[in-house]
1. Hey, fewest Cβ within 10 Å first, where do B:Phe47, B:Phe168 land in order?
2. Defining a contact as two alpha carbons under 8 Å apart and six or more residues distant in sequence, what relative contact order in percent does chain B show?
3. Identify all lysines with a Cα-Cα distance to A:Lys113 below 28 Å; exclude those on the same chain that are fewer than 8 residues away in sequence.
4. Between the DSSP loop rule and a limit of at most 13 other Cβ atoms within 10 Å, which trypsin sites (Lys or Arg not before Pro) in region B:48-124 are left?
5. For region B:205-210, just list the computed ³J(HN,Hα) in residue order, Karplus coefficients 6.51, -1.76 and 1.60, θ = phi - 60°, integers in Hz, with x standing in for Gly and Pro.
6. Quick one: which residues, 5+ away or cross-chain, put their amide H under 5 Å from the amide H of A:Val66? H built at 1.01 Å from N.
7. Loop only by DSSP, 13 or fewer other Cβ within 10 Å of the Cβ. Give me the chymotrypsin sites (Phe, Trp or Tyr not before Pro) in region B:92-131 that pass, ordered by residue number.
8. For region A:278-374, which GluC sites (Glu not before Pro) pass both filters: DSSP loop (anything but H, G, I, E, B) and at most 15 other C-beta atoms within 10 Å?
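FYI, it's all coordinate maths here, none of it is from the lab. In this text the structure is predicted, and so the values were computed from the model without any measurement. Here Cβ is always computed from backbone atoms with ideal geometry, including for glycine, and neighbour counts include all displayed protein chains.
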Amino acid sequence: MAQVSFDGVTKRFGDTTAVDDLTLSIPDGELLVLLGSSGCGKTTALRLVAGLEEISAGTVSIGERVVNEVDPKDRDVAMVFQSYALYPHLTVAKNIEFPLRQRGVDKEERTTKVKRAAETLGLGDLLGRKPGQLSGGQRQRVALARAIVREPLVFLMDEPLSNLDAALRVQTRADIVELQNRLKTTTLYVTHDQVEAMTMGHRIAVMSEGKLQQVAAPEALYAKPTNVFVAHFLGSPGMNLVEGMLVESASADASGGGGRGTLSVAFAGASVPLPAEVADSVRGSGPDVVLGLRPEALHLSPDGVIGASVIIVELLGAETHVICHTETGARIIVRQGAGAPKPRIGEPVRIAVEPDPEAYHLFDSSSGNRLGGP
Amino acid sequence: MPADTARAVAPPADVAAASPRMHRPRRRLRTIGSYTLLTAAAVVVIFPIYITVVNSLLRPDQLVQQPPPLFPRTPQWHDYTAAWTTGQMSKYVATSAIMTAIIVVGQLVTSILAAYAFAFLRFPFKRTLFLVCLVTLMIPFEVTFITNLDTVTSLHWFNTYAGLSIPFLATGFGIFLLRQAFLQIPRDLQEAAQLDGYGHLRFMTRVAVPLARPSLAALAVFSFLGAWNQYLWPLVSTGGTTPLYTVQIGLKELLGTEVSQIPVSLAGAVIAFVPLVILLIIFQKQLVRSLTAGAVK
């Protein structure tokens, strides 16, 4: 087992910078998820650890060793590919055994290890079959067995669940987490699926355009996104982001001096007053800001501060997403519980915000960075 | 399923039943037409071969009969013995077999190595070099004939197996065919093998070659056919007191002007094409697959 570190790592393909000055450390035994949309550089970062791409600048270390110049086979990493990369002409047993053959492991030990890996992943009965005779889930498990059989220092997983159907994905996701917990092997897991990231990662590193946006535990990432990108990317549906201005209204005792007015975010004829705690942390910023409100922090109420009309109502069984447009066309999604009344399409509604200070996220309008502390 | 949905999805019973019935006679006519054409084509191809086999088993006097017999009542197998021994077909077949084996193995090895490089390696001028390989496909052998003969003679390879086979050890067609097959192998497989410690040579032998087996078999068949049926090159690159004649030149040697020699010549012709027939039967599937690759999805 080992720690993996990126230190100022950059990877360029011609004029395109795929990974830009990435500095990140994954402690021994951690499952870190690299999350981002397609083309954000997450897979390239993974391939840099594997040695499948050359590093343009910076260093990658596994344990104490800088591996920039180390051959992929000598890095002691195992990779699970999106396509599984199973050898179609070999049986399951031979596929699992493949990495051991090259390492000069004797036949008896090979057989024992293959058997153990196959049993760990419930493949005992399938050892004689070829990949073409297996289902997607079984192939995925063979790929995992091939990765664990040689007990590497690091697992690298490149979107290993994206070829599975939804039900199997949920099951396999749990299997991988359980396996990683048991083996305690440092794991880098690449995905574009934020549900996978939230449910699997000890920590999540969000990337966009080759840059690391934020790295934190899933709950911290969700509760305190560092910028507009992370705020919108995490959550399903993502955070509502509305551009507005910080406006301070005069307080009753302002003339007496010392007292402060109510700080609100004004937009499109609406004004959302900020709780005192939030107001104190952002006072002096702006005035142009982006107000972020999670759909679950909103509800429809006649006393709501935001006026809007209903565009779409999405029934999802346990919850309903009410998609509204404000007067200026800003799109706001409200998540309602199963018992809440369903509004009609076109109906004018008012949207209220939970009084909890955690419900309010404020970002600088020009930089997109979070206002009011970490 | 709710009743209304079921009604919307299922076509009305009369439409469902009538539509295939309407198309059935037309489809049957088309099938009959196709099979008639195929049968006619097969007869055109097979009949000369059949007549050759029949004539090789007739007595010389039966050969001039009118109408000619279409079935040998008393097959004359001794003409085969004559062709094999006194006609020296055994020697010619052996020479052809050795030359063909060298060419087939040589073409497979060079094509595998070159195609692998074009498919999996990164090197300068890769595209240009591949284009050069393709261009060689467009140059007829006759264009390089004199140069090759000159080279072979100056290397003292005249009338040797080296002279017969070495000019044919590399083929642009083989490189192209195998490169296309190797390109079908997902890059992930190579990268997975790379992480597992397999270098290019081992990945090639353990993964790429086994996966390209159908194309390799097709190349082997094409290569065999080309080498076995060669006539001009063995004719000019061999000679002297003990010429290293191949089976096709041997056949010409068997041809006599007397009617009595015709069945022997025909027996020699049958001996010459039997290996090809066996090969085609064994590799029929691979051959068809490689010829239709890309045409059928």
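1. Exposure proxy ranking, most exposed first: B:Phe47, B:Phe168.
2. 28
3. Within reach: A:Lys73, A:Lys94, A:Lys130, A:Lys184.
4. Working: sites: B:Arg73, B:Lys91, B:Arg122; in loops: B:Arg73, B:Arg122.
Listed in order of number, the matching sites are B:Arg73, B:Arg122.
5. Here the 3J(HN,Hα) series is 6, 8, 10, 5, 5, x Hz.
6. Counting only residues 5 or more places away or on other chains, the set is empty.
7. B:Phe125
8. Sites meeting the loop and neighbour criteria: A:Glu327.
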